[in-house]
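Q: Can you keep this structure in mind? I'll have questions shortly.
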Amino acid sequence: MDVDRPNLQQGGRMEGREYQTSSRQEVVFASTQQDLEPVRSIEGWVVIVTNIHEEAQEDDIYDSFAEFGDVKSLHLNLDRRTGFAKGYALLEYEERQEAEDAIASMNGQEFFTRKIKVDWAFKTAS
């Protein structure tokens, strides 16, 4: 896979994760996780679960995450051709603390023989 790099011929230079132009204007390419704060959606706090096994069902995910609070909505996208899960799900909680508990407890846990990753779906720089 090719990655577009800044044109260093035009007076800029690369330093770590930042690209600085000759006018000292900084553009950050990649923020660290510590710099990002979760953002509330219109109706609640959205959590993304990745690396879900293709044979997992909505009920399985709901049962695992409902113990942390009321799951307002759950979206498990399916492949149209195969009917299996695409490997990720979005869950929405009413309260931030419920979502934080789900992330802290479920991130890295084994679910259908796979280690899932659980994190905030929407983040912004703090």
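Q: Check region 50-63 and report whether any residue there is touching a helix residue (DSSP H, G or I) at 6+ places or on another chain (Cβ under 6 Å) and within 21 Å of Gly87 (Cα to Cα).
A: Among the residues of region 50-63, not one is touching a helix residue (DSSP H, G or I) at 6+ places or on another chain (Cβ under 6 Å) and within 21 Å of Gly87 (Cα to Cα), which makes the answer no.
Q: State which residue is nearest to Ile103 (Cα to Cα) when the search covers only region 42-75 and only residues that are open to solvent by less than 30 Å² (accessible area, probe 1.4 Å) and in a loop (DSSP other than H, G, I, E, B).
A: Gly69
Q: Taking the condition of being charged (D, E, K, R) and under 13 Å from Phe68 (Cα atoms), how many residues in region 94-126 meet it?
A: Residues meeting the conditions: 6.
Q: If you scan region 46-96, which residues turn out to be within 17 Å of the chain's Cα centre (by Cα) and polar (S, T, N, Q)?
A: The answer is Thr50, Asn51, Ser73, Asn77.
Q: Please count how many residues of region 76-126 are loosely packed, with under 14 Cβ neighbours inside 10 Å, touching a helix residue (DSSP H, G or I) at 6+ places or on another chain (Cβ under 7 Å) and in a loop (DSSP other than H, G, I, E, B).
A: Number of matching residues: 1.
Q: I would also like to ask the following. For a quick check of your reading of the model, give me the residue pairs whose first member lies in region 58-76 and is within 17 Å of Gly108 (Cα to Cα), whose second is of a type outside the set (A, V, I, L, M, F, W, C) and not in a loop (DSSP other than H, G, I, E, B), with beta-carbon atoms closer than 6 Å and at least 6 apart or on different chains.
A: These pairs meet every condition: Phe68/Glu98; Phe68/Asp101.
The values are calculated or read from the model by the stated rules, or taken from the named source; none is laboratory data. Given the structure is predicted, the values throughout are model-derived calculations rather than measurements. All Cβ positions, even for glycine, are placed from backbone atoms using ideal geometry, and neighbour counts span all protein chains on display. Keep in mind that these areas ignore ligands, DNA and RNA; they rest on the heavy atoms of the full protein, side chains included. Shrake-Rupley method; radii C 1.70, N 1.55, O 1.52, S 1.80 Å.
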